[in-house]
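Attaching a single structure in structure tokens format; questions to follow.
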Amino acid sequence: MIDWPNIRTVLLDMDGTLLDLHYDNHFWMEYLPRAYAQTRGISEAEAIAYLHDSFTSIRGSLPWYCLDHWSKELDMDIPRLKREIKHMIRMRPYSLEFLRWLRSQPLDVLLVTNAHRETLNIKMAEVDITEWFDHIVVSHDLNAPKEQQVFWERLQELHPFDPETTLFIDDTEAVLDAAKTYGIRHLLTLLQPDSSQQKRMGTRFPGIHHFDEIMPAILP
């Protein structure tokens with residue numbers, strides 16, 4: 001599936017790609033609404049409806065990924081709440097093996113994430129994978145999410161790469177669309193970003209279940 005001899009750069013998403021998206025989905029869709037309802041003295045259904053509208057209005061923009069924004073918007077300590085369920089943070093199957101294999105190859109390997117810097121810190125305190133990357137790029141540092149072309153332009157300025165020889169793996173199709181528009185040739189998605197949900201069917205990009213499917217067999 002992957003033309004490894006012609007790959008020079010590998011760009012990897014974090015949430016839903018290397019890490020199980022169940023933690024994030026549980027936090028935003030269940031844990032936060034419950035906490036918000038308790039704080040405001042309203043029902044969970046009312047909290048879910050309010051938060052859904054708030055999320056939908058800015059989804060895909062930089063504020064959507066920003067913990068500072070949500071802490072201010074909801075008048076809650078979002079990082080503290082996220083740490084309360086940090087035990088749910090876990091890597092997806094074969095993620096570590098894949099990272100180790102990549103490091104054994106003559107490749108530039110970058111983590112490119114829309115996650116807020118504080119989110120990154122919370123997660124790396126539980127599953128520190130930073131050593132496996134040449135560079136870690138947080139979209140907030142570039143002042144643009146991966147859904148926007150300016151992100152890719154600024155990434156190119158910061159860490160030059162050839163789109164023709166770059167592999168980008170992400171679980172979000174809107175992000176993959178942006179990468180395709182920029183010209184990145186090799187694109188791959190994950191079929192089950194959240195282990196608690198069913199595998200996705202009919203993705204518009206080639207997809208895998210786990211990374212062992214794209215790791216060349218290593219002879220003993």
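The values are calculated or read from the model by the stated rules, or taken from the named source; none is laboratory data. The model shown is predicted, which means the values in this text are computed figures rather than measured ones. For neighbour counting, all protein chains shown are included, and Cβ atoms are generated from backbone atoms with ideal geometry for every residue, glycine included. Side chains are part of the model used for accessible areas, which takes the heavy atoms of the whole protein and leaves out ligands, DNA and RNA. Shrake-Rupley method; radii C 1.70, N 1.55, O 1.52, S 1.80 Å.
Note down the nm distance, to one decimal, between modelled labels 7 Å out along Cα→Cβ at Glu126 and at Asn6.
According to this spin-label approximation, the distance is 3.9 nm.
Using a 1.4 Å probe on the protein heavy atoms, what percent of the accessible area of the chain belongs to carbon and sulfur? Intermediate values should be presented prior to the final figure.
Numbers: 5320 of 10620 Å².
After summing per-atom areas, the C and S share lands at 50 percent.
Please work out the FRET efficiency for the pair Lys72 and Ile42, using the Cβ-Cβ distance as r and a Förster radius of 22 Å; give the result to the nearest 0.05. Please list the in-between numbers first.
On the way: r = 20 Å, r/R0 = 0.89.
Efficiency, from the Cβ-Cβ distance: 0.65.
Using the beta-carbon distance between Asp134 and Met215 and R0 = 30 Å, what value does 1/(1 + (r/R0)^6) give for FRET efficiency, to the nearest 0.05? All intermediate terms of the calculation are to be shown ahead of the outcome.
Values: r = 19 Å, r/R0 = 0.64.
Computed FRET efficiency for Asp134 and Met215 comes out at 0.95.
Right, next: Using the alpha-carbon atoms, what tilt in degrees (0 to 90, nearest 10) does helix 149-158 show relative to the longest principal axis of the chain?
Taking Cα atoms only, the helix is inclined about 60 degrees.
Here's something else I'd like to know. PRE reach from Asp141 (point 7 Å along Cα→Cβ): which of segment 105-127 fall under 19 Å by backbone N?
108-127
Also, I was wondering about something else. Grab the other residues whose beta carbon is less than 15 angstrom from that of Leu176, score K and R as +1, D and E as -1, and report the net. Don't skip to the answer; put the middle values down first.
Details: positive: Lys146, Lys180, Arg185, Arg200, Arg204; negative: Asp13, Asp15, Glu147, Asp170, Asp171, Glu173, Asp177.
Overall, the nearby charge balance is -2.
Rounded to the nearest 0.05, what FRET efficiency is calculated for Ser104 and Arg200 with R0 set to 30 Å and r the Cβ-Cβ distance? Before the final figure, lay out the partial values.
Working: r = 30 Å, r/R0 = 1.00.
Rounded to the nearest 0.05, the efficiency is 0.50.
Relative to the present Cα-Cα distance, how much length would full extension add between Gln156 and Met29 at 0.36 nm per residue of separation? Write out the running numbers ahead of the final one.
Values: separation 127, 0.36 × 127 = 45.72 nm, distance 3.42 nm.
That pair, Gln156 and Met29, stretches by 42.3 nm at full extension.
Among bridges DSSP assigns within the chain, what percent are antiparallel (round to 5)? Before the final figure, lay out the partial values.
Values: 1 of 19 bridges.
Rounded to the nearest five, the antiparallel share is 5 percent.
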